[in-house]
1. Once the Cβ-Cβ distance between LYS280 and GLU201 is put in as r, and R0 is 25 Å, what FRET efficiency do you end up with, to the nearest 0.05?
2. Can you compute the modelled spin-label distance between ARG243 and MET40, with each label point 7 Å from Cα toward Cβ, in nm?
3. With 22 Å as the limit, write out which pairs from LYS277/LYS341; LYS265/LYS341; LYS265/LYS342; LYS60/LYS341 have Cα-Cα distances beyond it, or answer none.
4. Give me the percent of accessible area attributable to carbon and sulfur for segment 9-69, probe 1.4 angstrom.
5. Could you derive backbone 3J(HN,Hα) for segment 138-147 from the dihedral phi with the Karplus parameters 6.51, -1.76 and 1.60 (θ = phi - 60°), listing whole Hz in sequence and x where the residue is Gly or Pro?
6. Give the lysines reachable from LYS295 as a straight Cα distance under 19 Å; neighbours fewer than 8 places away on the same chain don't count.
7. Lysines within cross-link reach of LYS180: Cα-Cα under 28 Å, excluding same-chain residues under 8 positions apart?
8. Sort 74-80, 174-180 by packing, meaning the average of other beta carbons within 10 Å per residue, with the highest value first.
Amino acid sequence: MEQLIEFFSRLTDSGDWPPRWFCGRWTDFHGWLYIASDLMIWLAYMVIPLILIRYLFVKKGVPLPGVFWLFGAFILLCGLTHLIDVVIFWIPVYRISALVRFLTGIVSIATVVALFRYFDEAVGLRTSREYEHELLFRQQAVMELTRSNEELQQFAYVASHDLQSPLKTISNYLKLLNTKYGEQLPQDAHKLIETSTNAAERMRSLISDLLDFSRVGSEVAFTRVDLNNLVAEVIEEQQAEIRASGATVDVGPLPTMTAHYTDFKQVFQNLISNGLKYRKSGVAPHIVIQAVDEKEQFCFSVRDNGIGIERQYFERVFQIFQRLHGRNEFSGTGIGLATCKKVVDIYGGQIWIESTVGVGTTFYFTIPKIIKTIHHYAQTDTLHSAS
């Protein structure tokens, strides 16, 4: 312990040894060759860790950053030993040299341990060739998915057109039959005509909703959308239902986002429509729409004072064709909330429910401020591949 205390107390004392120029018989050529060599090695050792440090700051998400830092410290200390060897030619700071070499040894051992510890993980890292192969595979998968989606959209359009046309014909002929021969038909016939007409109209509505559902996320042309104007438009379109029910709709300040107008309109349209539809008997609907800025995303809420939803159905209501009530109680096709979830999922957000039966329901959904759909990732992959 005394020797250790003495060592550090005399760390900068160089009086115990002569400068290296006076140790042995150095010629000028030999001495300056030694000095120049050590200075070049020190200079290289100084530049390498600086490059590594700059790489860590510039390249985000580098795997095994701890190993990089250890390598940088190890190389820096190795370079420092060479610089001290140069200094010793004039100032014999052998104690400082010993301390630096000891620290170099500790960092060296730590680097070796880290290499053994992370060896398997390092072997598992993919090379640029492997990344290129994976990128090509992903591009092919995205292209195949895009082609499949386009075919499905085309099929949905053709199917909806081909199905709606005969349904419209059936509905028109039933109305014509009722108009032309209504006075001659018995009451049961009128009931059958009415039931058939309503069924045809429900089928047309279902086909139209399915077509809208299939088109969600297909458009990639984003524009600046003022959600205040969008919600105002939705409310204006539903004025008939609002007046009939005596509803009030309070809208807080909403942001302007870069998004697809129709997709966002479908979300607010369905949620507001639900608030008007699933109201309590004898109670005027009250709907409150708000948005909260959460740094990287917005959290929207649509609250009503309706009949509420039991907790066990919180997930089920977002599934397509899932209805909690009979058609005699509430109209609808069971696609509206599924469409909302599809939009939110495609845009990288989340949607959930908080509800109390008999009190009301609040739908929450988050939307990132910077929306990236699969089409945008496909474009990014293509740019990387081209570069």
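The values are calculated or read from the model by the stated rules, or taken from the named source; none is laboratory data. Note that the structure is a prediction, hence the values are computed from the model and not measured. No Cβ is skipped: glycine too gets one built from the backbone with ideal geometry, and neighbour counts run over all protein chains shown. Side chains included, ligands, DNA and RNA excluded: accessible areas come from the protein's heavy atoms. Shrake-Rupley method; radii C 1.70, N 1.55, O 1.52, S 1.80 Å.
1. Working: r = 27 Å, r/R0 = 1.08.
Computed FRET efficiency for LYS280 and GLU201: 0.40.
2. 9.2
3. LYS60/LYS341
4. Numbers: 3240 of 4590 Å².
About 71 percent, which is the carbon plus sulfur part of the accessible surface.
5. Karplus values, whole Hz, x for Gly and Pro: 5, 4, 5, 5, 5, 4, 5, 5, 4, 4.
6. Of all the lysines, those that pass the test against LYS295 - Cα under 19 Å, at least 8 places apart if same chain - are LYS369, LYS372.
7. LYS168, LYS191
8. Working: 74-80: 19.9, 174-180: 13.3.
Packing proxy ranking, top to bottom: 74-80, 174-180.
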